[in-house]
Amino acid sequence: MIYLYANIVKSEFCSEQCKDILILYGSPKEYGTTGRLLKSFLGYLPFDFNMTFINSYEKNIKPCTACDYCHNHEKCKLDDFELISNSINNADVIIVATPVYFLSFPAPLKAIVDRMQVYWSARFLQNQYPPIKKSKKGILLACSGADNYDGINIIEKQCRQFFSVINTKFSGTITWTGTDFDKIGSDSIKHAKKMAVELFSDD
Ligand SMILES: Cc1cc2nc3c(=O)[nH]c(=O)nc-3n(C[C@H](O)[C@H](O)[C@H](O)COP(=O)(O)O)c2cc1C
C-alpha cells in the first residue's frame, strides 16, 4: 500500500471512509531515517487512506518572492503550487516528514512552507476565516543527527505556525533523534507504530 516513490497513489482496497493524507517529504533520501520512520507510521494507521506524496526534492517548488500578489488575489502568482494547494484543500491529515538541517527544514521543504504565505494573506489580509474550509490533523515526523530536541523543537514551532493558517490542528510529533549514533532506531520505529494508533484513537 505504501509507495514512497509515487507522487499520487491510491490504496487498492480503500473503503468509503478513506482519509486523504498529504505527505510533505523533506529528505533527499527515500529510504533514510525519515523514510523508514514514515513507512512504519503509515503501515500502522488504523484506517484506509489515499496518499499524496510530495517529495520536495523532486518538486522543486520555487521559494516565495514576496511579490505581494497574494495580498489582493486568491492565489499565488507562481504557477507551480497547484498540486500542493489542491492536496492541502482535500486533505484530512497532513504529515510533515523531514530531517533537521541546521536546526530547520531542508531548503526545498522550507520553500514549500514559505509558499503557505498565500493562506496567511487570505486569512489576515483578505479576512477569509478559515482560508481553507476543511479542517485537518497535522503531524510532524522528524529525524535529527544529534541526540537532543534542539532542532526538532524549532521545526515543531514552525509547523504549528503554518498548520494554524491552513486550518490544521497540530496533533503530535514523532521523532528519531541521535541518528548519527543510532542507525537502527528500533525504539523510534516502535514508538511511531504506537503513535499511529494513538493519534487517531478519538476519530
Ligand atoms: C546539511 C545537513 C544539516 C544537518 N543539520 C543538523 C542539525 O542542525 N541538527 C541535527 O541534529 N542534525 C543535523 N543533520 C543530521 C540529519 O538531521 C540526520 O542525519 C537525519 O537523520 C537525516 O535524515 P535522512 O536519513 O532522512 O536524510 C544535518 C544533516 C545534513 C546533511
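Among the residues of the range 36-63, those that are away from the ligand (no atom under 14 Å from the Cβ) and charged (D, E, K, R) comprise Asp48, Glu58, Lys59, Lys62. Scanning the range 107-124 for residues being part of a loop (DSSP other than H, G, I, E, B) and either within 30 Å of Ser201 (Cβ to Cβ) or at pLDDT below 95 (or both) gives a total of 1. Does at least one position in the range 118-134 carry a residue that is free of Cβ contacts under 8 Å to residues at least 24 places away in the same chain and within 16 Å of the ligand (Cβ to nearest atom)? No, that holds for no residue.
Going residue by residue through the range 70-81, is there one that turns out to be within 16 Å of the ligand (Cβ to nearest atom), closer than 21 Å to Leu109 by Cβ and at pLDDT 95 or above? Within the range 70-81 (the criterion being within 16 Å of the ligand (Cβ to nearest atom), closer than 21 Å to Leu109 by Cβ and at pLDDT 95 or above), the answer is no, since none of the residues qualifies.
Regarding Gln161, is this residue at pLDDT below 95, more than 16 Å from the ligand (Cβ to nearest atom) and not small (Gly, Ala, Ser)? In short, no.
Okay, residues lined up against (1) surrounded by fewer than 18 Cβ atoms within 10 Å (Cβ to Cβ); (2) in a loop (DSSP other than H, G, I, E, B):
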residue: Gln126; (1), (2): yes, yes
residue: Gly138; (1), (2): no, no
residue: Asn148; (1), (2): yes, yes
residue: Gly151; (1), (2): no, no
residue: Ile155; (1), (2): no, no
residue: Arg160; (1), (2): yes, no
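Does the range 30-48 contain at least one residue that is touching an Asp or Glu at 6+ places or on another chain (Cβ under 8 Å) and touching a residue at least 24 places away in the same chain (Cβ under 8 Å)? Checked against the condition, which is being touching an Asp or Glu at 6+ places or on another chain (Cβ under 8 Å) and touching a residue at least 24 places away in the same chain (Cβ under 8 Å), the range 30-48 yields at least one hit.
The values are calculated or read from the model by the stated rules, or taken from the named source; none is laboratory data. Keep in mind that this is a model prediction, so the values were computed, not measured. Note: ideal-geometry Cβ built from the backbone for every residue, glycine included; neighbour counts use all protein chains shown.
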